[in-house]
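See structure below.
The values are calculated or read from the model by the stated rules, or taken from the named source; none is laboratory data. Predicted, not measured: the structure shown is a model, and the values here were computed from it. With ideal geometry, Cβ positions are generated from the backbone for all residues, glycine too; neighbour counts draw on all protein chains shown.
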Amino acid sequence: KHKKHVFIEKPIALKTTQVTELLEKSKENNVVLFSGYTFLYDPAYVALKGLIKNTPLDEILFSWNKFGSFKEPGTHNLLCHDIALAVDLVGTLNNQQLLSSSNIIGREDIISAQATSSVGRISFYINRFSLLSEKRIIIKTPHTVYTVSNGIVSSFHSPDTKTIEFSQPDAPSSLLLE
């Protein structure tokens with residue numbers, strides 16, 4: 001309406017229809033619409049995207065342990081970042097499910113969620129009541145498992161990753177590949 005570029009704090013909207021409407025309005029007015037999904041521009045994430053470019057993906061796991069940010073629900077405050085990364089990696093997410101949520105200090109302090117996409121299962125685990133701080137992405141491909149953990153990109157190569165399974169143990173700080 002006022003022909004101004006707009007920065008929107010995350011989450012950009014709570015419904016897909018709202019996002020579509022915002023995008024249409026920004027195109028109509030020839031303005032930039034930008035959201036605060038800063039992890040999309042993190043150097044380790046950008047490096048990871050370069051490593052997996054044109055590689056078939058089997059499964060993705062996002063895990064984030066930290067302490068704090070209790071004012072907003074965990075889905076609005078933290079999970080939305082990982083969903084933005086997942087959409088950036090694979091496009092549309094289907095069958096999004098909140099598997100479990102625990103309220104310790106705020107709403108949705110510990111979250112387990114899952115979605116499917118054209119590449120397979122995508123799992124999300126958020127714990128904002130953890131004394132350990134770690135943001136991790138694990139991507140499983142047919143022959144390699146890539147990990148980004150606190151800004152460090154690493155990979156595990158194997159002739160067959162079908163024997164590698166992701167697990168989400170009950171202990172939030174022990175999220176590991178088994």
VAL90: passes all of (1) free of Cβ contacts under 8 Å to residues at least 40 places away in the same chain; (2) more than 16 Å from ILE52 (Cα to Cα) but (2)
Go through the residues of region 134-154 one by one and say whether even a single one is out of contact with any helix residue (DSSP H, G or I) (no Cβ under 8 Å at 6 or more places or on another chain), modelled with pLDDT under 90, surrounded by 14 or more Cβ atoms within 10 Å (Cβ to Cβ) and part of a strand (DSSP E or B). no
Matching residues, region 94-133, being assigned to a loop (DSSP other than H, G, I, E, B) and crowded, with 16+ Cβ neighbours inside 10 Å: GLY106, ARG107, GLU108, ASP109, VAL119, ARG128
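Would you mind listing the strands (runs of 3 or more DSSP E) fully within region 1-85 where at least 1 residues are of a type in the set (D, E, K, R) and surrounded by 14 or more Cβ atoms within 10 Å (Cβ to Cβ)? Break it down into steps so the answer makes sense when it comes.
On the way: elements: 6-8, 33-35, 59-67.
It comes to 59-67.
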